[in-house]
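No value in this document is a laboratory result; all are computed from the given coordinates. Given the structure is predicted, the values throughout are model-derived calculations rather than measurements. Virtual Cβ from ideal backbone geometry, glycine too; neighbours counted across all protein chains shown.
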Amino acid sequence: MLNLMPNSILSPAFIGHLLAAILALGFLITLALFLRERRNLQKLLKDNSFESVRRKNAAILAEALEKAQNVVEKSRLSVDKFENYFQGQFNSQAEKAQQALDKHLETIRSQSERAELLSASYTKEKANGILERFEKNLESFLTQAEAKSTQSLESELAAVRQTIETYKKQQLSLVDENIVAMLEKTLGLVLAKKISLKDQLDLVYEALEKAKVEKFIL
Amino acid sequence: MIQPLLDKILAQTYTQTDALNRLHALKNLLVAELFGRGKSSDRQTAPVSLGKDFYKHFNRNNVYNLFDTLEEKIREIKPLVIFLPFELPEEGMAALGQRMRRLFGKNFLAEIKLDPNLLAGAALVWDGVYKDYSLREKIEDNRERIIKTLREGMKR
């Protein structure tokens with residue numbers, strides 16, 4: 001925090017207290033003189049007549065008043081002197097403080113400007129970095145997404161091809177089964193009507209001979 | 001004495017069922033002849049192919065024992081089961097029987113069964129083991145080649 005009052009002696013409150021103290025001191029001095037004169041007067045009253053006492057008393061009072069006035073005057077002069085001195089000090093210190101404050105404010109302003117420039121530069125750099133990273137990440141993400149999509153499509157295609165191939169094989173297998181079944185049925189019908197007993201027996205003989213060769217029948 | 005009798009009975013009989021049937025017929029004939037029972041026509045139906053000597057071996061004392069022994073011997077013969085895709089007539093059975101005997105020896109017996117699915121040829125069962133020598137099996141063995149040929153034929 002900026003110290004605007006480098007010397008507390010210059011504060012108005014202090015000056016006020018000082019003036020009050022000076023006035024009190026004058027009053028006390030006056031009171032002391034009055035009491036001394038009163039004692040002298042009482043002493044005189046014992047020795048002299050009333051009139052002389054009254055004159056003396058008046059003279060003393062006048063003298064006391066004069067002295068008191070002198071003291072008060074002197075005090076007033078001292079107060080003015082002090083006031084002027086402290087006012088000067090105060091003004092000088094206030095001016096110095098103001099100058100320091102201005103200087104400090106200037107420093108702050110320049111620092112702030114520098115910080116602002118630095119901040120702008122840092123922000124720009126940071127933003128550029130973020131943008132660059134974002135660009136790289138986006139590019140990487142897009143590449144990965146493309147690769148994944150391609151891979152997914154390829155696997156889907158492979159699965160579809162596999163399904164088609166399996167279906168084709170199953171259908172062909174069914175057709176084959178049907179072809180063989182039809183062939184056997186046709187042969188059964190044809191052979192039953194067309195093949196002679198001799199031919200049938202020849203095939204049976206062939207079977208028996210083969211069984212013998214293979215030693216199926218021992 | 002049993003073996004010549006058995007050979008004569010089986011000479012023109014090629015299945016075990018036929019052999020047993022023939023044996024039972026002969027037994028009835030001889031029992032009727034020896035004990036004067038049965039129909040008089042039985043004597044006339046006696047198979048001539050067996051020869052006159054065949055009947056001389058039988059008398060009232062041994063006829064039952066001999067026929068029991070013969071039946072036992074016939075049942076001891078292990079028959080070859082032949083599955084055929086067609087009904088085999090009597091003359092066909094004789095031809096098949098003679099071929100069997102040439103291949104596997106005398107007194108060889110078979111049992112004929114019908115299986116139209118075989119298409120042609122035969123399937124055999126020997127000693128409880130089945131083996132297919134039919135056209136159906138040949139088609140199965142050459143299945144791929146047949147399918148390939150048929151496919152090529154269809155493409156044209």
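Show me, for region A:20-27, the HN-Hα J-couplings you get by feeding each phi into the Karplus relation (A = 6.51, B = -1.76, C = 1.60, θ = phi - 60°), rounded to Hz, glycine and proline as x.
4, 4, 4, 4, 5, 4, x, 4
What residues have an amide H closer than 5 Å to that of B:Phe86, excluding those fewer than 5 places away on the same chain, when H is modeled at 1.01 Å from N in the peptide plane?
It is B:Asp115, by chain and number.
Nearest 0.05, what FRET efficiency do B:Met154 and B:Ala94 give at R0 = 45 Å with Cβ-Cβ as r?
Efficiency at R0 = 45 Å is approximately 0.50.
Give me the distance in nm between label points sitting 7 Å out from Cα along the Cα-to-Cβ direction at B:Met1 and A:Met182, one decimal.
Taking the simple label geometry, B:Met1 and A:Met182 are separated by 6.8 nm.
Can you list residues from other chains, or at least 5 along the same chain, whose modelled amide H is less than 5 Å from the amide H of B:Ile112?
B:Ile82
Please identify, among B:Asp141, B:Asp127, B:Asp18, the residue showing maximal mean-square fluctuation in a Gaussian network model of chain B using a 10 angstrom Cα cutoff.
Comparing B:Asp141, B:Asp127, B:Asp18 in the GNM, the peak value goes to B:Asp141.
Using only Cα positions of region A:8-115, each an equal point scatterer, no hydration layer, compute I(q)/I(0) via Debye at q = 0.14 Å⁻¹ and quote the log10 values to two decimals.
Each listed q maps to, in turn, -0.73.
Taking only the alpha carbons of chain B, what extent do you get along each of the three principal axes, in Å, biggest first?
Principal extents (largest minus smallest coordinate, Cα): 78, 29, 21 Å.
Just to be sure I understand: with springs between alpha-carbon atoms less than 10 Å apart, which residue in A:Gln98, A:Gln162, A:Gln87 has the highest mean-square fluctuation in the Gaussian network model of chain A?
Judging by the Gaussian network model, the answer is A:Gln162.
Can you list the equivalent-ellipsoid semi-axes of the protein assembly as shown, largest first and in whole Å, using the square root of 5 times each Cα gyration tensor eigenvalue?
Equivalent ellipsoid of the protein assembly as shown: 167, 34, 13 Å, largest first.
Between A:Lys212 and B:Leu50, how high is the FRET efficiency from 1/(1 + (r/R0)^6) when r is the Cβ-Cβ distance and R₀ = 22 Å? Nearest 0.05.
It comes to 0.15.
Rounded to a whole number of µm²/s, how large is the Stokes-Einstein D of region B:80-141 at 4 °C and 1.567 mPa s, given Rh as the Kirkwood radius over C-alpha pairs?
107 µm²/s
Starting at the first residue of region B:137-154, write each ³J(HN,Hα) from the Karplus equation 6.51 cos²θ - 1.76 cosθ + 1.60 with θ = phi - 60°, in whole Hz, x for Gly and Pro.
5, 5, 5, 4, 5, 9, 3, 4, 5, 5, 4, 4, 4, 5, 4, 4, x, 5
Once you treat every alpha carbon in chain A as an equal point and sum by Debye, what is log10 I(q)/I(0) at q = 0.19 Å⁻¹?
Cα-only, vacuum Debye calculation for chain A: -1.29.
Just from its helices, what would the mean residue ellipticity at 222 nm be for chain A, if runs of 4 or more DSSP H residues each count -39500 (n - 2.57) and the sum is divided by every residue, rounded to the nearest 500 deg cm²/dmol?
That comes out to -34500 deg cm²/dmol.
If you build a Gaussian network model of chain B, linking Cα atoms that sit under 10 Å apart, which residue out of B:Arg75, B:Arg143, B:Arg101 swings the most?
Between B:Arg75, B:Arg143, B:Arg101, it is B:Arg143 that shows the largest mean-square fluctuation.
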